[in-house]
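A quick write-up on the structure given underneath.
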Amino acid sequence: AQAHTGAWPNKPIRVIVPFPAGSTTDIIARAIADKMGASLGQSLVIDNRGGASGTIGQAAVASAAPDGYTLMVHSSSHTVSPSTFAKLPFDTLGDFAGITPISTTPNVLVISPSKNIKTLAALLAAAKAKPGSMNFASAGQGSATHLNAEKFKMAAGIDALNIPFKGSAEAVNEILAGRVDYYFSPIAPVIGQIKDGQ
């Protein structure tokens, strides 16, 4: 929502994160909210609206009053949504005004510890030995994590089933529990496990 001129901000600002708490986008939003709030002299209140690859949160922002009191911190899935959803309740270009890029986040391939697969070569060998037997997590249909995994499948010549979740935190939990084989995760939700050798 676009800001108007005048004594802005004179009340708290809602920051919609269109992914669940614990997602990379949520972690980034929370990391900047306090500093930005201190700079503006107002609180920034994080409002997680996860689901449908971010489109639920996007719709909430698009329908908010264009008064500068509703902001959104989003990921690349915002630009991908028009290509992955047949119909959206908003216009990705017309209903939003960009402010600034905040960060870039690398993705890493993580494999469930229960699979006892330690290398990319071993993952590919396992996938090719039993075509269609593997699955991968994504942070939602059409999310960057989903598209990365699909590109990987095509390049590697393997077949695996997408298991979409509401966000990275849920996907990581399923990887750790061994219910999903692998995940192209943003680094933030898995850095602790990587450092711990999981």
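Observations on the structure shown:
- Within this structure, Ser53 fails the test of being surrounded by fewer than 18 Cβ atoms within 10 Å (Cβ to Cβ), of a type in the set (Ser, Thr, Tyr) and touching a residue at least 24 places away in the same chain (Cβ under 8 Å).
- Inter-residue pairs, beta-carbon under 6 Å, first at pLDDT 90 or above and in the stretch 157-179, second among the hydroxyl-bearing types (Ser, Thr, Tyr), 6+ apart: Asn162/Ser138; Pro164/Ser138; Ala171/Tyr183; Ile175/Ser112; Ile175/Tyr183; Gly178/Ser112; Gly178/Ser114
- Selection count where residues are at pLDDT below 95 and under 13 Å from Phe19 (Cβ atoms), scope the stretch 59-80: 5
- Contacts under 8 angstrom Cβ, first residue in the stretch 127-150 being closer than 14 Å to Val108 by Cβ and assigned by TED's automatic domain parsing to the domain that holds Val190, partner part of a loop (DSSP other than H, G, I, E, B) and of a type in the set (A, V, I, L, M), 6 or more apart: Phe136/Val180; Ala137/Val180; Thr145/Ala139
- Total residues in the stretch 33-42, condition loosely packed, with under 15 Cβ neighbours inside 10 Å and in contact (Cβ under 8 Å) with a residue 12 or more places away in the chain: 2
- Of all residues in the stretch 124-147, those satisfying the criterion of being within 19 Å of Pro18 (Cβ to Cβ) and crowded, with 17+ Cβ neighbours inside 10 Å are Ala137, Ser138, Ala139, Gly140, Gly142, Ser143, Ala144, Thr145, His146, Leu147.
The values are calculated or read from the model by the stated rules, or taken from the named source; none is laboratory data. All of these numbers come straight from a predicted model, not from anything done at the bench. Cβ atoms come from the backbone with ideal geometry, glycine included; neighbour counts cover every protein chain shown.
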